[in-house]
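The values are calculated or read from the model by the stated rules, or taken from the named source; none is laboratory data. Model, not experiment: these values are computed from the prediction. In this analysis, Cβ positions are derived from the backbone assuming ideal geometry, glycine residues included, and neighbour counts consider all displayed protein chains. Calculation scope for accessible area: heavy atoms of the full protein, side chains included, ligands and nucleic acids excluded. Shrake-Rupley method; radii C 1.70, N 1.55, O 1.52, S 1.80 Å.
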Amino acid sequence: MKPITLSSQERYFFTLVKDTLTINPFKDERVLLDNKIADCVFGTSNKQSIENAVVAVKDRIDALYAAGKGDFNLYCQNDRNIMEYAFTFAFFYHYRKQFDQFIQDQIEAGDKILPLPFAASAKDFLKQHGFKHDEIKKIIEESYQVRRAYYFINQIIGSSTVMKRLRADIWNNIFTHNLEIYRIYVKNRMDDFSTLILGETGTGKGAVASAIGRSGYIPFDMNSNCFTKSFIDIFISINLSQFPESLIESELFGHRKGAFTGAVNNYDGILAQCSQQGSILLDELGEISLPLQVKLLQVLQERTFYPVGSHQKERFFGRVLGATNRSIYELRHKHLFRDDFYYRLCSDIITVPPLRTRIKDDPNELYRLLQFITNKMIGKDSPQLLKLFKDEIHRNLGEHYQWPGNVRELEQCVRRILLKKEYREDDLLENANIKIELLTGIEQGTITANKLLGGYCKLLYERYGSFEKVAQLIQLDRRTVSKYIREC
């Protein structure tokens, strides 16, 4: 049978479909492509654009199938790849709601692995369009991963430009800037792409890390109709600041029985617990010592480590995400963060914007967040409570409040208003606004040297709780540090 060749019009249409499937869905270009496919007028909402495009593609695919052209292998070499993506598009959007329900079911099931309930139907759908066993397996795996990523990234809400950019950055971190490049070259090599997540306390760095970690590639077993791992199980997080220096190494690398006093059994650390498709978040990465950075550098470079008290080398599987609320550039300048460690971590750097930046970019951002928090807190929308929160924030804090605790502070603000019907800036700890005051003074050039040094000393003292430690860090004597803090 002579191979089918697409007409120029068909090739244009289905190339748009391929581009739509491979482009970042959180960028404006995706909406433009959807509108072109559906021949919509500009200004159609994102959701409606997608729905119109799905209908348009389905109509074309149904017509091809009815004409006996529904198998991508029937097409000539130049058109086969285009049609493979077109039929994959049809599959993905035919089953997207079922994938979404499966994701919800898996969240409720936790680390228990569930069978894919529509696996038989999905396999038949793809067989009808010419896909073979290995191709079917790959498409189911990729569709599940894409849908998971879309689900978890959408949990990071916000309509401001900076938040739209953040969601697009997270998608690129998972799939690169083009899904076709990801599929062909790096799908099974993402563990080599370490990432730094930067941002102030309370901005949502953990949510960003979770979205990346739970969107990793998970193989599908065609015999059992199960994915080999739960996405709940492939993401591990550890806050390094919660452990004393003497125990961090054991928590990360594990230890062997008798390695130190109290090591009565062998213990697998976080690195050993990370699966091959998994990711590990090292939170508060800026707090760890230089010797520990050297040991983690070996993990990143050689993918190996030694448990404490062992000479047996072990293999590390997984991807490393690091997060800190401290300035990574300041840490490097003060030689508290090794340059070689930084350069091994910075395959990608994602910066989570503070709440004040989000509100400045879009004043409605605050109220959308209030609506989200209210719904999350009581399980449903409540115009009455939303109005209460809006009114109290406006009355007590005003329009230009800087939200030094970011989204985390906003969540507590909502709870306090619900309990006390008020939330005042005076209720906060005195040092909560110091950082904002220092940053604003530096940006505007209005802060005095004494105020700058005093505020910085106080922030360090709140972190370390020791005049000696602060004096050591900023290279002043203890009495001078104490004086600056008292006068701040």
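Packing-based ranking of 136-146, 91-101, 159-169 yields 136-146, 159-169, 91-101, ordered from highest to lowest mean Cβ neighbour count within 10 Å.
Local charge for ILE103 was computed over the other residues whose Cβ lies under 9 Å away, with Lys and Arg +1 and Asp and Glu -1, and equals 0.
Scaled against 2.2 N^0.38 Å for its residue count N, the alpha carbon radius of gyration of the chain is 1.14. For the residue pairs LYS36/LYS137; LYS27/LYS58; LYS2/LYS69; LYS229/LYS313; LYS27/LYS123, the C-alpha atoms sit more than 20 angstrom apart in LYS36/LYS137; LYS27/LYS58; LYS229/LYS313; LYS27/LYS123.
The packing ranking, built from the mean of other Cβ atoms within 10 Å per residue, places the peptides 16-24, 57-65 in the order 16-24, 57-65, highest first. Every helix of 4 or more DSSP H residues in the chain counts as -39500 (n - 2.57), and over all residues that averages to -17500 deg cm²/dmol at 222 nm. With a ≥ b ≥ c taken as the square roots of the eigenvalues of the C-alpha gyration tensor of region 1-143, please select rounded if a/c is under 1.5 and otherwise prolate if a/b is larger than b/c or oblate if it is not? Oblate.
Using Cα atoms only, what is the angle between the long axis of helix 28-38 and the major principal axis of the chain, expressed in degrees (0 to 90) to the nearest 10? Value to nearest ten degrees: 20. Around ASN239, what is the net charge, scoring Lys/Arg as +1 and Asp/Glu as -1 over all other residues with Cβ under 9 Å from its Cβ? Charge balance in the 9 Å sphere: -2. Solvent exposure of the chain, expressed per residue, is 51 Å² of accessible area, with all protein chains present and a 1.4 angstrom probe. The residues packed around ILE37, meaning those with a beta-carbon under 10 Å from its beta-carbon, carry a net charge of -1 if Lys and Arg are +1 and Asp and Glu are -1.
Helix 365-378 and the long axis of the chain differ in direction by around 90°, with both axes built from C-alpha atoms. Semi-axes of the equivalent ellipsoid for region 95-212, computed as √(5λ) from the eigenvalues of its C-alpha gyration tensor and ordered from largest down, come to 29, 18, 13 Å.
Please work out whether region 129-190 counts as rounded, prolate or oblate from its C-alpha gyration tensor, where a ≥ b ≥ c are the square roots of the eigenvalues and a/c under 1.5 means rounded, while otherwise a/b larger than b/c means prolate and anything else oblate? It comes out prolate by the Cα gyration axes. Counting heavy atoms of the protein chains alone, SER8 has an accessible area of about 100 Å² for a 1.4 Å probe. Check cross-link reach from LYS483 to the lysines: straight Cα distance under 24 Å, and skip same-chain residues fewer than eight apart. Straight-distance partners of LYS483: LYS334, LYS435, LYS451, LYS458, LYS469. Centroid-to-centroid, using Cα positions, region 142-184 and region 72-139 are 19 Å apart. Set the bar at 19 Å for Cα to Cα. Now go through LYS112/LYS257; LYS360/LYS390; LYS390/LYS421 and name every pair that lies beyond it. Correct reply: LYS112/LYS257.
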